[in-house]
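Every number here is computed from the coordinates shown, using simple stated rules; none is lab data. Quick caveat: nothing in here was measured; it's all calculated off a predicted structure. Please note: Cβ atoms are built from the backbone with ideal geometry, for glycine as well, and neighbour counts cover all protein chains shown.
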Amino acid sequence: MNKLLLTIFTWWNGSTVGTNFYTRRFGKKVGEDERGNVYYQTADGKRRWVIYNGPAEASAIPPGWHGWMHHRSDVAPSQQNYKPRDWQKPHQENLTGTAAAYRPKGSLLKQTTRPRVTGDYDAWQP
C-alpha cells in the first residue's frame, strides 16, 4: 500500500503512474546500467527515457548512457562492447547535500575541530 501511494504521489522516487503507463504502451527496453536504472525508447527511436532505481537524480546516469540519452550516439552502451580506458575513473553521482559530500578542512559541517588561527591573521574588532 505504501509503495502504491509513493508511485501515485511522488515523481522523484522512481516513476509515476503516467510514466509506467506510457512505458508499457510505447516503450521498448534498451538496457540497464550497473546501478539498476532501466533505459527505454519508442519504436521509432525519437524519444528516450530512463526509469531510475531510487531517487530521480540526473547525475546517477553513467557517461555512456548520458551520451545515448542525449542522442550523441545511436548505439546504446548495452549493444556495444565498451570498455573504459585505464585512466578513466569509475562514475560517481553528485553527492552534494548528502552525508558523503566533500567537506574541506575547516568546514562547519565537518565533524572535526577547526584549527586555531596562527599569527598571520588578526580577527577584526570594531
Condition check for Val38: under 25 Å from Trp11 (Cβ atoms), aliphatic (A, V, I, L, M), surrounded by 11 or more Cβ atoms within 10 Å (Cβ to Cβ) and touching an Asp or Glu at 6+ places or on another chain (Cβ under 7 Å)
yes
Gly97, sole failed condition from (1) at negative phi; (2) exposed (fewer than 10 other Cβ atoms within 10 Å of the Cβ)
(1)
Within segment 75-84, the residues that are assigned to a loop (DSSP other than H, G, I, E, B) and touching a strand residue (DSSP E or B) at 6+ places or on another chain (Cβ under 7 Å) are Ala76
For segment 42-64, enumerate the residues that are assigned to a helix (DSSP H, G or I) and more than 17 Å from Asn94 (Cβ to Cβ).
Gly64
Of these, Arg24, Arg85, which one is free of Cβ contacts under 8 Å to residues at least 60 places away in the same chain, within 25 Å of Phe9 (Cα to Cα), among the basic types (Lys, Arg) and loosely packed, with under 12 Cβ neighbours inside 10 Å?
Arg24
Restricting segment 1-41 to residues that are outside any helix (DSSP H, G or I), out of contact with any Lys or Arg (no Cβ under 9 Å at 6 or more places or on another chain) and among the aromatic types (Phe, Trp, Tyr), the residue that is nearest to Gly54 (Cα to Cα):
Trp12
Which one of these is hydrophobic (A, V, I, L, M, F, W, C) and in contact with a strand residue (DSSP E or B) (Cβ under 9 Å, 6 or more places away or on another chain): Trp68, Trp87?
Trp68
